[in-house]
Amino acid sequence: MTTRQPNVYLNGQFLPLEEAKISVLDRGFLFGDGVYEVIPCYAGRLFRLEHHLQRLENSLQAIRMSNPKSTAEWGEILTQLIAQLPGADQSIYLQITRGCTGKRDHAIPTQITPTLFAMTQPASYPDATTLATGITAITLQDNRWQRCNIKATTLLANVLLRSEAMDHGAAEAILIRDELATEGATSNLFIVQEGVIITPPKSDHLLPGITRDLILELAIHHGMANQESTISREALFAADEIWLTSSTKEVMAVIELDGKRVGNGQPGPIYSQMANYYRDYKAQLQAGTKVN
Ligand code: PDD
C-alpha cells in the first residue's frame, strides 16, 4: 500500500503533488529567480514562523520583490498545509519565484505575478547514531556570490560544493572566503575555542540561520560563554570543537576536518551540553509547554 502524499499549495490552491504544474517560462525555472524558506514544524506547531517570515521578507526585498502575502495569510496557508499530518513533526518548504511573462528576458518585468509554492513532508531528523558520533567535513573555497544572506533558490554553487564534499566521503563542506571560514554549504558554522562558543557575525557572506540564532539564545540563556566573531582558517583548524547547524541538521558535531581529527576526534563536552539543551527545547515545543 502506498501512503498518499500530502497536498501541496500552489498559487492559491491545495493540490495533489502530481497535479501541481507551472509554466516552463517561470523565471524560477529559467533563472533561479526566486527565494525560499525551510520551516520546521514540531508536533504540528510551526517553529519560529515570524523569524522565518521576516527572513523571507528580507530575501524578497533584496531581490526587488514585494511579499504577495501578509504574515497572517502565510500563517493560514501553512496551518492548512500542516493540518494534513495532524500533530506530526514536519518540514515545510516555501518558495516564491518572480513568475513568468511570455518570453525569456533577464530584465525584471514591471508587470508580473509571482509563483507561490509550499509543501510539507514528514521531518527526517539526523539519526541518533550520527548525532552521537558526529560527522566529517572538508574545507572548500567559497566560490558563491557576494549575497549569501539572501535565501535564493539559485543554489548551484551550494549543490556543487556539497557534492564535492560527498565525493570525499564527507557530509558537509565548510567554506573559506578570504581566509575566513563563513559557513557550511547548507549550514551555519560554530567553533569552540578555550570554552567559548564562536560563530561568525551576520554578513553578506552567510545565511542568517534561524537555528544559529536559537543556538546563541540557548548559550546566553544557559550562561555559556559565546561570541560572534570571524573565524580564520587557522582558528578553524585549531578549534577544540566544530559544530554545524540548520533546520534539518539541527546541531551536529564535526569530528574530522580535511582528514584531521577535531579535538579528540569525538563530539566535545560543550557540544554535548548544547545538544542536550537543544533536545530539551525541542521536547518542550513538541509537548506544547514552550511557545517558540
Ligand atoms: N538550508 N547556511 C546555508 C547555506 C543553508 O543552506 C542553511 C539551511 C543554513 C541554516 O539555516 P537555518 O538554520 O535557518 O535552516 C545556513 C536549508 C535547510 C536548505 O536549504 O534546505
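Readers should treat all values here as calculations from the given coordinates under stated rules, not as data from a laboratory. Small disclaimer: the values here were computed from a predicted structure and weren't measured. Cβ atoms come from the backbone with ideal geometry, glycine included; neighbour counts cover every protein chain shown.
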Considering only Cα-Cα distances, which of the following residue pairs are longer than 32 Å: LYS21/LYS290; LYS69/LYS249; LYS103/LYS202; LYS260/LYS290; LYS21/LYS282?
-> LYS21/LYS290; LYS103/LYS202; LYS260/LYS290; LYS21/LYS282
Please compute the net charge surrounding ASP26, taking Lys and Arg as +1 and Asp and Glu as -1 over other residues with Cβ under 12 Å from its Cβ.
-> +3
Once you list every other residue whose beta carbon is under 14 Å from the beta carbon of ILE220, what net charge do they have if Lys and Arg are +1 and Asp and Glu are -1?
-> -2
Helix axis angle, 156-167 relative to the chain longest principal axis, alpha carbon, degrees | 40
Calc'd 3J(HN,Hα), segment 185-195, phi into Karplus 6.51 cos²θ - 1.76 cosθ + 1.60 (θ = phi - 60°), Hz, glycine/Pro = x, comes to 5, 9, 7, 9, 10, 10, 10, 10, 10, 6, x
With +1 on each Lys and Arg Cβ and -1 on each Asp and Glu Cβ, how big is the dipole of segment 24-173 about its Cα centre, in debye rounded to the nearest 20?
-> 440
Pick out, from VAL38, GLY99, LEU53, the residue whose Cα sits farthest towards the positive end of the charge dipole of segment 8-122, with +1 on the Cβ of Lys and Arg and -1 on the Cβ of Asp and Glu.
-> GLY99
Log10 I(q)/I(0) at q = 0.09, 0.10 Å⁻¹ for the chain, from Debye over equal alpha-carbon scatterers, is -0.46, -0.57
Quick one: helix 71-82 against the long Cα principal axis of the chain, what's the angle to the nearest 10°, folded into 0 to 90?
-> 80
Based on Cβ point charges of +1 for Lys and Arg and -1 for Asp and Glu, what charge dipole magnitude is obtained for the chain about its Cα centre, in debye rounded to the nearest 20?
-> 700
Peptide ranges 33-42, 176-185, 272-281 listed from the most packed, as the mean C-beta count within 10 angstrom indicates | 33-42, 176-185, 272-281
Tilt relative to the chain, helix 210-221 - C-alpha long axis, 0 to 90 degrees, to 10 = 40
